[in-house]
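Undergrad: Take a look at the following structure, please.
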Amino acid sequence: MRAALILLMFFAATGARAQEQDFSKVGVKSTPLTANLHMLQGAGGNVAALVGSSGGVLLVDADFGAIADKMRAALKADGASGPVRYVINTHYHFDHTDGNLAFAQGGATIIAQTNLRTRLASGGTIGGGSITRTVPPADPGALPGITYESELTVYLDGTAVRVHHYPRAHTDGDSVVFFPAAHVVHMGDIFVRYGFPFIDTNGGGNVRGMIAACEDVLSTSPADTRVIPGHGAVATLDDLRTYTQMLKDTSALVAKAMAAGKSLDAMKSEKLLGAWSARYSPEKGFVNTDTFTELLYASLSLPAARHGPARRPHP
Ligand SMILES: [Zn+2]
């Protein structure tokens, strides 16, 4: 919930004011998943940290640069004796990539899907429904040094980490990162636990792609897989299944209303998605029921043909 509030604050703030956020009181919490794989939670999105046999580290996402030193301290406490060697970004949003520069300056190679690099380099307007936030181009030093199109495997001291692109999901440059040996997957903001998810439709996101990505993870992951969401506590495949069903049911309802010629305003005033509000819409949360209705409407207004992800084998 705290992460959702921080996100809301960032979206409400101007770019300049966001720079002035006070990170001094932010702590980094580490949750062990295996002996050498942890989930770190600071001020932004959840970070996965794999410590290799050499002591070097692979991170999935980078949180905010202002807490990079606190993250390094947490990594040390978790057994890291070397530098962060790789950072894989799940998507371009600042609460997942702002720390890129700090880790790149420490020698890390930033890795991401091609579309992420383009969006980070150009800046632009993150947006969907009534939520928008304009972000400046990233510092060139924060940009990925390696990009990939659809699939990539990174080996940290021989341990395979599989990176899989799902087209047009939370954004158009999403990576889901699998740790096959640990039965752990980091889904970025395709799966969040603060309520209804945000979908960056300006950034090429679409609920159809989010559903397809969730279904692919559900159908290909071992039953005991632990799922790191973009925000919130570590989850099970059952949690992901419940969330995926919500995405499918709410989408189907909006699609049906659209087919019947109902306007977006009518869907909101009639509280079309009211049955999910108690569970998924926090009182003054980041994505309330009206906003989520807008995000689904925007997603489903686009042609479906563009959103089927190619299914490819992974772990
Ligand atoms: Zn995001």
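The values are calculated or read from the model by the stated rules, or taken from the named source; none is laboratory data. Quick caveat: nothing in here was measured; it's all calculated off a predicted structure. For neighbour counting, all protein chains shown are included, and Cβ atoms are generated from backbone atoms with ideal geometry for every residue, glycine included.
Undergrad: For Pro137, all conditions in the list (1) within 16 Å of the ligand (Cβ to nearest atom); (2) without any contact (Cβ under 8 Å) to a residue 24 or more places away in the chain hold save one; what is the number of the exception?
TA: Condition (1) is where Pro137 drops out.
Undergrad: Just the residues that are assigned to a loop (DSSP other than H, G, I, E, B) and surrounded by 19 or more Cβ atoms within 10 Å (Cβ to Cβ), please, taken from the range 205-231.
TA: Passing the criteria: Gly205, Asn206, Ser221, Thr225, Pro229, Gly230, His231.
Undergrad: Another one. If only one of Ile126, Ile146, Ile190, Ile199 is out of contact with any helix residue (DSSP H, G or I) (no Cβ under 7 Å at 6 or more places or on another chain) and either under 18 Å from Ser299 (Cβ atoms) or among the aromatic types (Phe, Trp, Tyr) (or both), which one is it?
TA: One residue alone meets the criteria, Ile126.
Undergrad: Okay, moving on. Can you name every residue in the range 26-65 that is under 19 Å from Ala112 (Cβ atoms), in a strand (DSSP E or B) and among the small types (Gly, Ala, Ser)?
TA: The answer is Ala48, Ala49.
Undergrad: A further question on this structure: Hey, could you check the range 199-227 for residues that are within 19 Å of Val60 (Cβ to Cβ) and in contact with a Leu (Cβ under 8 Å, 6 or more places away or on another chain) and say which is nearest to the ligand (Cβ to nearest atom)?
TA: Taking the candidates together, the pick is Met210.
Undergrad: From Asp238, Asp200, Asp189, grab the single residue that is modelled with pLDDT of 95 or more, of a type outside the set (S, T, N, Q) and surrounded by fewer than 19 Cβ atoms within 10 Å (Cβ to Cβ).
TA: Asp238
Undergrad: A further question on this structure: Specify which of the listed residues (Arg168, Arg193) is touching a Pro at 6+ places or on another chain (Cβ under 6 Å) and assigned to a loop (DSSP other than H, G, I, E, B).
TA: Within the list Arg168, Arg193, the selection yields Arg193.
Undergrad: Then there's this: So, Gln105, is that one modelled with pLDDT of 95 or more, closer than 12 Å to Ile146 by Cα and either in contact with a Lys or Arg (Cβ under 7 Å, 6 or more places away or on another chain) or more than 12 Å from the ligand (Cβ to nearest atom) (or both) or not?
TA: no
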